[in-house]
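Structure record follows, encoded as structure tokens.
The values are calculated or read from the model by the stated rules, or taken from the named source; none is laboratory data. On a predicted model such as this, the values are computed, not experimentally measured, just so you know. Note that each Cβ is placed from the backbone with ideal geometry, even for glycine, and that neighbours are counted across all protein chains shown.
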């Protein structure tokens with residue numbers, strides 16, 4: 001069947017007044033168009049516990065098995081517990097806002113879609129562009145964490161590999177590239193390309209394994225806690241605890257990745273808010289217990305940041321268990337990378353479907369109903385970051401994006417309560433505007449504690465994004481009144497399938 005491109009009349013440049021109006025860059029995406037728009041697209045196959053597993057896959061990952069040790073060693077010492085507590089409080093405020101949006105707009109794209117519907121297209125674009133970098137970098141961070149444990153396993157069983165392939169430049173003498181981290185990113189892209197139902201099963205099994213291993217570590221380590229390891233409690237001062245919170249924040253933010261897959265839930269409006277709150281409650285308990293046990297077993301100055309728990313168990317004579325934990329970490333931490341890779345592909349898919357990025361990316365595989373055209377570019381991009389950036393630099397790159405995304409979502413909740421109070425809401429954020437304001441304040445404080453280099457990188461990425469929007473997104477948006485998309489069902493203009 002041949003395809004023809006409909007003739008389009010010339011689009012005159014909008015006047016300055018129109019550019020900044022509701023018909024210009026601040027035009028809104030209709031909130032109530034989700035059911036019609038998503039029909040025939042992504043396959044709805046996930047129930048409540050698969051959503052919880054997907055959220056926990058993002059929440060309980062590198063933060064437990066790697067980043068907690070990094071923050072304790074470099075930023076906070078035993079006060080890493082305060083770092084995670086601060087991050088959890090800020091994340092809780094975010095979760096309440098996300099839960100309201102998830103029950104109101106059960107659509108792929110997460111914060112991108114929410115901000116587009118409430119604050120306008122240019123804000124939605126900025127957050128979507130932000131999420132593309134954020135999620136991709138998170139995949140890389142977790143892959144680096146897995147690689148550290150994998151290297152530990154090989155070392156314990158007597159396999160010596162060339163030094164050049166064991167880490168990114170700057171992480172050790174002779175290191176050139178983190179081969180294992182890069183390969184893991186590509187493997188996850190392959191699994192994700194096989195289809196949502198199969199991938200969700202894979203994720204659920206690995207999350208169960210991961211939580212079982214965490215329970216084993218906490219139970220075994222609790223008998224080897226030494227009170228002396230908690231002194232001094234704040235060797236880096238309160239500022240170190242807040243700096244650590246800014247770095248740790250992304251570790252307790254995985255429900256955002258789950259909300260990006262809203263269109264693949266069987267009863268999204270009812271199940272998504274429940275899944276967000278259940279998963280965050282579980283994660284909060286897990287992180288606090290893990291921090292207590294890790295810092296109780298080993299002095300923060302002696303923590304091996306590449307495999308913290310394995311080295312801590314080694315230090316108290318539980319080396320065999322440390323090897324088991326390392327094997328489990330390789331399996332379990334992978335779920336965090338998987339959840340975030342799924343999220344970035346759905347954000348990219350949603351932005352393409354809205355015309356802000358080339359619409360060819362919004363075509364799903366005809367049998368598997370997944371956006372394979374975006375999965376592989378994400379897999380390759382995350383592999384490059386994982387292979388050539390140290391974990392701390394990659395983590396800081398993600399955190400500012402996460403914090404900015406939540407700030408915008410919190411503002412959007414307040415705005416939509418005033419502009420669209422009539423919209424049906426399956427869940428309502430309590431104490432609005434107090435809860436959003438608390439979350440915004442935490443986020444701004446945490447952003448202020450990030451390294452200035454992180455700010456510069458983020459600013460550069462956003463500047464590039466505004467150029468792309470100006471040259472392509474604004475003109476090609478399906479909400480642009482000068483754009484003439486074909487009627488629903490025309491594959492050329494509204495392409496749900498390949």
Cβ contacts < 7 Å: first residue at negative phi and surrounded by fewer than 24 Cβ atoms within 10 Å (Cβ to Cβ), restricted to the range 257-279; second residue assigned to a helix (DSSP H, G or I) and modelled with pLDDT of 80 or more, any location; separation 6+ or different chain. Result?
269/103; 271/48; 271/51; 274/48; 277/95; 277/99; 278/52
Since residue 278 meets every condition but one in (1) assigned to a helix (DSSP H, G or I); (2) within 19 Å of residue 68 (Cα to Cα), which condition does it not meet?
(2)
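What helices (runs of 4 or more DSSP H), lying completely within the range 322-441, carry at least 1 residues that are surrounded by fewer than 20 Cβ atoms within 10 Å (Cβ to Cβ)? Can you show your working first?
Working: elements: 334-353, 372-388, 391-419.
Passing ranges, in order: 372-388, 391-419.
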Would you pick out the residues in the range 365-405 that are closer than 15 Å to residue 190 by Cα and modelled with pLDDT under 85?
365, 368, 369, 370, 371, 372
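Conditions tested, residue by residue: (1) more than 30 Å from residue 50 (Cβ to Cβ); (2) modelled with pLDDT of 75 or more; (3) under 19 Å from the mean Cα position of the chain (by Cα); (4) in a loop (DSSP other than H, G, I, E, B).
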{"residue": "146", "(1), (2), (3), (4)": "no, yes, yes, no"}
{"residue": "151", "(1), (2), (3), (4)": "yes, yes, no, no"}
{"residue": "168", "(1), (2), (3), (4)": "yes, no, no, yes"}
{"residue": "176", "(1), (2), (3), (4)": "yes, yes, no, yes"}
{"residue": "180", "(1), (2), (3), (4)": "no, yes, no, no"}
{"residue": "184", "(1), (2), (3), (4)": "no, yes, yes, no"}
{"residue": "187", "(1), (2), (3), (4)": "no, yes, yes, no"}
{"residue": "194", "(1), (2), (3), (4)": "no, yes, no, yes"}
{"residue": "198", "(1), (2), (3), (4)": "no, no, no, no"}
Of the residues that make up the range 45-59, is at least one crowded, with 24+ Cβ neighbours inside 10 Å and not in a helix (DSSP H, G or I)?
yes
Taking the condition of being closer than 15 Å to residue 299 by Cα and over 32 Å from the mean Cα position of the chain (by Cα), how many residues in the range 219-237 meet it?
8
Please work out which residue is nearest to the chain's Cα centre (by Cα), limiting yourself to the range 284-321 and to residues that are assigned to a helix (DSSP H, G or I) and more than 21 Å from residue 82 (Cβ to Cβ).
310
